[in-house]
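Inspection log for the structure reproduced underneath, given as structure tokens.
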Amino acid sequence: MQNQFDPRVRSADPAIAVGVPQVARDAGLRSYMLRVYNYMASGVLLTGIVAMLFANSGMAAQVMQTPLRWLIILSPLAIVFAMSFGANRMRESTLKALYWAFAVLMGLSMSTVFLVFTGVSIAQTFFAVTAGFLGLSLYGYTTKRDLSGMGTFLIMGVVGLLVAMVINMFMQSTAMAFAISAIGVLLFAGLTAYDTQKIKSMYAYVQGSDMVGKSVVMGALTLYLDFINMFQFLLSFMGDRR
């Protein structure tokens, strides 16, 4: 099945083919990317608010000691898979609803961050990741270099990282956990630039169609995941524990 969100499925720029002026294309691209960033930032903000409220309510400490914690932890992953493989068949409103549900569930899942780390270290890490993310995303947006070759390497690195994390669940090695965190930050830093360029290139294939809204939501989800993963890995060795 053809994936409407894969820029490799077509070889020509439809905007150029139909003679859309360069100024109009640039304005449309800026509006498109702004929508992606707005959705992404709103999702991160919603996650942070839910996590903080859930932790401060005292419910997080109780719920995360019960089997219900697995439902909270695994539900966001299930939504990501549903959105990734069902985007073409879903309506735009459905994708948006799933995105906001995902942000809320991630907030519940990440509430433990406020139980484990001090508020100051969480804030410091958040602002550090925000600054890094903005710089890396800006690079991915403005660079003329094709980053597609880097993408395959980074994705393979993430797969290897997941395997290492599973292994360390049994080994409980502090040194290995530190190495995983450091490598994780680097991998998702690279993915931020790569994904931004990919999302930017997607505009040429969806502009003027009913796929624009879906592409915006999926692009926001991608950047959200890059940001959150970079934050969690950096916090794991930079944050001060309570």
For this session: State, to one decimal in nm, how far the label point of Leu115 lies from the label point of Leu45, with both points 7 Å from Cα in the Cβ direction.
Result: 2.8 nm
For this session: Quick one: check the C-alpha center-to-center distance for the range 206-242 versus the range 68-123, whole angstrom.
Result: 11 Å
Exercise. How much mean residue ellipticity at 222 nm does the chain get from its helices, if each DSSP H run of length 4 or more adds -39500 (n - 2.57) and you divide by all residues, to the nearest 500 deg cm²/dmol?
Worked result: -27500 deg cm²/dmol
Exercise. In debye to the nearest 20, how big a dipole does the chain give about its Cα centre with +1 on each Lys and Arg Cβ and -1 on each Asp and Glu Cβ?
Worked result: 180 debye
For this session: Multiply the residue gap between Phe127 and Asn168 by 0.36 nm, knock off their C-alpha separation, and tell me the result in nm, one decimal place.
Result: 11.9 nm
For this session: Take Ser111, Ser84, Ser93 and order them by how many other Cβ atoms sit within 10 Å, fewest up front.
Result: Ser93, Ser84, Ser111
For this session: Note the per residue figure in Å³ for the convex hull of the C-alpha positions in the range 15-238.
Result: 132 Å³
Problem set entry | Percent RCO, i.e. relative contact order, over the chain, from Cα pairs under 8 Å lying at least 6 residues apart | 33 percent
Problem set entry | Two-site FRET efficiency, Asn38 against Ser84, from Cβ-Cβ distance with R₀ of 22 Å, rounded to 0.05 | 0.55
Seminar exercise, completed: Checking rank on 187-196, 96-105, 129-138, 151-160, with mean other Cβ inside 10 Å and highest first, the result is 187-196, 96-105, 129-138, 151-160
Exercise. Which ordering of Met211, Met230 is given by a fewest-first count of other beta-carbon atoms within 10 Å?
Worked result: Met211, Met230
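Near Asp210, within a Cβ-to-Cβ distance under 12 Å, what is the net charge of the other residues, with Lys and Arg +1 and Asp and Glu -1?
+1
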Exercise. How big is the range 117-169 by Rg and Dmax over its Cα atoms, in Å?
Worked result: 15.5, 41
For this session: Give me the lysines in straight-line cross-link reach of Lys144: C-alpha distance below 16 Å, same-chain residues under 8 apart excluded.
Result: Lys198, Lys200
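No value in this document is a laboratory result; all are computed from the given coordinates. Just so you know, these numbers come straight off a predicted model, no measurement behind them. We place every Cβ from the backbone using ideal geometry, glycine too, and count neighbours over all the protein chains shown.
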